[in-house]
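For reference, the structure discussed in these notes is given below.
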Amino acid sequence: LADIGCGCGSLTQGMLSLIDERGLNGIMVDSEEMLIQIPDKANIKKVSGFFPKNMEIIQQMAPGGVDYLLCYSVLHCIFADTNPFGFIDSVIELLKPGGLALIGDIPNVSKRKRFFSSEEGVSFHKGFMQTNTAPVVEWLKVEHNKIDDAVLAGLVQRAQSAGCDAYILPQPSTLPMANRRDDLLIRKY
């Protein structure tokens with residue numbers, strides 16, 4: 001399992017426990033500052049740096065590819081700093097045949113606008129912000145450096161063009177920002 005942008009918090013600790021429980025090997029990818037916070041273990045390898053610039057190192061650690069790849073709450077940073085299609089290409093290249101990649105917690109400005117245009121969204125906004133004012137939604141405004149439906153659809157098509165299945169998934173409603181975030185699942189053949 002490769003975790004791109006793993007961090008070092010409670011989610012990471014949960015992932016390390018899951019890796020141990022399942023008898024997996026893990027490759028944790030993040031900045032050196034994050035990785036030093038992760039305990040050293042025989043079944044965990046650490047790779048510092050910005051993915052996919054460190055792809056060659058990861059491939060040396062997993063020469064046949066990885067069964068699972070997780071990238072949680074990172075795509076918006078990748079989108080702002082580099083080519084998201086190159087990122088998806090590298091994710092697919094890193095997967096073994098039959099491998100799964102979950103690129104999760106993707107802020108989607110289109111989904112946010114749809115939500116805040118609904119009665120439920122207006123009510124949510126008023127309660128959360130403790131105001132009587134409805135949220136401002138500008139449908140025709142260009143949203144620079146923001147991921148929207150078109151970006152997600154393009155990433156799905158990019159993965160499908162590489163011979164993979166790819167799906168945009170809603171987040172469980174129990175997550176705090178599920179009303180404005182999506183997940184992307186890729187399965188390599």
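The values are calculated or read from the model by the stated rules, or taken from the named source; none is laboratory data. Here the structure is a predicted model, which means the values were calculated and not measured. Positions of Cβ are generated from backbone atoms using ideal geometry, with glycine treated the same way; all protein chains shown enter the neighbour counts. Only protein heavy atoms, including side chains, enter the accessible area calculation; ligands, DNA and RNA are left aside. Shrake-Rupley method; radii C 1.70, N 1.55, O 1.52, S 1.80 Å.
Each residue, Asp40 and Ala80, gets one label point 7 Å from its Cα in the Cβ direction; the gap between the two is 3.4 nm. Of the heavy-atom accessible surface of the chain (probe 1.4 angstrom), what whole percent is carbon and sulfur? Heavy-atom surface of the chain belonging to carbon and sulfur, 1.4 Å probe: 54 percent.
I'd like the accessible area for Tyr72, computed on protein heavy atoms only with a 1.4 Å probe and all protein chains in place. Round to 10 Å², please. Roughly 80 Å² of Tyr72 is accessible to a 1.4 Å probe. Counting only heavy atoms of the protein chains and using a 1.4 Å probe, Met61 has close to 60 Å² of accessible surface.
Taking label positions 7 Å along the Cα-Cβ direction at both Leu102 and Val142, the computed distance is 3.7 nm, reported to one decimal. Extending 7 Å from Cα along the Cβ direction at Ser17 and again at Tyr189 yields two label points whose distance is 3.9 nm. Look at the dipole of segment 1-66 built from charges on Cβ: of Gln37, Met15, Leu1, the Cα furthest out on the positive end belongs to Leu1. Close amide-amide hydrogen proximity is noted between Ser73 and Gly104, Asp105, each under 5 Å apart and 5 or more residues distant or on a separate chain (H modeled in the peptide plane; Pro and chain starts excluded). Largest GNM mean-square fluctuation across Leu94, Leu24, Leu69, computed for the chain with C-alpha springs under 10 Å, falls on Leu24. Only helical runs count toward this figure. For the chain, summing -39,500 (n - 2.57) over DSSP H runs of n ≥ 4 and dividing by all residues gives -11000 deg cm²/dmol at 222 nm. Among (i) 19.5, 59; (ii) 18.0, 57; (iii) 20.8, 75, only one was calculated for this model; which label is it, if the read-out is Rg and Dmax of the Cα atoms in Å? So the structure-derived entry is (ii). The residue list Gly121, Gly154, Cys71 was ranked by how far each Cα lies along the charge dipole of the chain toward its positive end, using unit charges on Cβ atoms, and Gly121 comes out on top.
Accessible surface for segment 39-164, divided over its residues, is 56 Å² per residue with a 1.4 Å probe. Charging the Cβ of each Asp and Glu at -1 and of each Lys and Arg at +1, and nothing else, the dipole of segment 78-136 about its Cα centre rounds to 240 debye. For Arg114 and Ser31, FRET efficiency with R0 = 25 Å and r from the beta-carbon atoms, rounded to 0.05? After rounding, the FRET efficiency stands at 0.15. Ranked by the mean number of other Cβ atoms within 10 Å per residue, highest first, peptides 127-136, 11-20 order as 11-20, 127-136. Placing +1 on the Cβ of every Lys and Arg and -1 on the Cβ of every Asp and Glu, with no other charges, gives segment 1-133 a dipole of roughly 380 debye about its Cα centre.
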